[in-house]
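Please treat every number below as a calculation from the coordinates, not as lab data. Just so we're clear, the structure is a prediction, and the values are computed from it rather than from any experiment. Positions of Cβ are generated from backbone atoms using ideal geometry, with glycine treated the same way; all protein chains shown enter the neighbour counts.
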Amino acid sequence: MIRTFVALEIPKEIIDFSFQKIEEKINALNNFKWEPKSKLHLTLKFIGNIEETNVEKIINELETYLKQVSSLNLSLDKFGFFIKENKPKIFWLGLKENDKLSKLASEIDEIISKYGIEKEKRKFKPHITYLRVKGNEDLTQLMKLKEIFLEEKNFTANKIHLFKSDLLKTGSVYTSLKEFQLK
């Protein structure tokens, strides 16, 4: 069994832009354990553990579908937190709602469901996870992040990956099993 997910690659200049905005708001970046820039992505479908024998089949089906999909014109929305038990758990950057992106996530969900993976019940909320809050962070500094204003920032995304995720004591390590180029 291997742990996998499908993700949209976010262009490096967008990641750099977003971190610049964070640094303008708080000058204590080193006080937090940020997700490495190289790991930042937008998850389209978390698959979880699948049989290795299904990986090639999933790659083939995704390839057939994705070669018909055009690059996506997307726009950043805002920073926010996922809250659990009244405490911030995840700091994220959201993307503005986009019908093409939602349709893409839905179609990928449909393809993956053929392999015994449950379809997503929640509405798709496009976001990039920047920080997993452990509970020992300075919450005053952390809450300042909600105040970041993002002016209109549009970008084109044209790469999707099927990632393998290995969970290690030092954190997760992502390996691209296949990169798909959108047209």
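Things to note:
- Selection over the stretch 139-175 of residues that are in contact with an Asp or Glu (Cβ under 9 Å, 6 or more places away or on another chain) and acidic (Asp, Glu) gives a count of 0.
- Of all residues in the stretch 44-92, those satisfying the criterion of being free of Cβ contacts under 8 Å to residues at least 40 places away in the same chain and in a strand (DSSP E or B) are PHE82, ILE83, LYS84, TRP92.
- Looking only at residues of the stretch 107-128 that are surrounded by 15 or more Cβ atoms within 10 Å (Cβ to Cβ) and outside any loop (DSSP other than H, G, I, E, B), we find that the one that is nearest to the chain's Cα centre (by Cα) is ILE128.
- Extreme residue, surrounded by the most Cβ atoms within 10 Å (Cβ to Cβ), among residues of the stretch 9-43 that are touching a helix residue (DSSP H, G or I) at 6+ places or on another chain (Cβ under 8 Å) and closer than 23 Å to ALA105 by Cα: LEU40
- Criterion (under 20 Å from the mean Cα position of the chain (by Cα), farther than 30 Å from LYS57 by Cβ and either of a type outside the set (Val, Ile, Thr) or not in a helix (DSSP H, G or I) (or both)) met by exactly one of LEU162, LEU131: LEU131
- Only residues that are in a loop (DSSP other than H, G, I, E, B) and under 30 Å from SER71 (Cα atoms) were counted in the stretch 134-159, giving 7.
- Positions within the stretch 78-91 being crowded, with 18+ Cβ neighbours inside 10 Å and within 14 Å of the chain's Cα centre (by Cα), in sequence order: PHE79, PHE91
- Any hit, the stretch 23-42, residues being of a type in the set (D, E, K, R), in contact with a Leu (Cβ under 8 Å, 6 or more places away or on another chain) and part of a helix (DSSP H, G or I): yes
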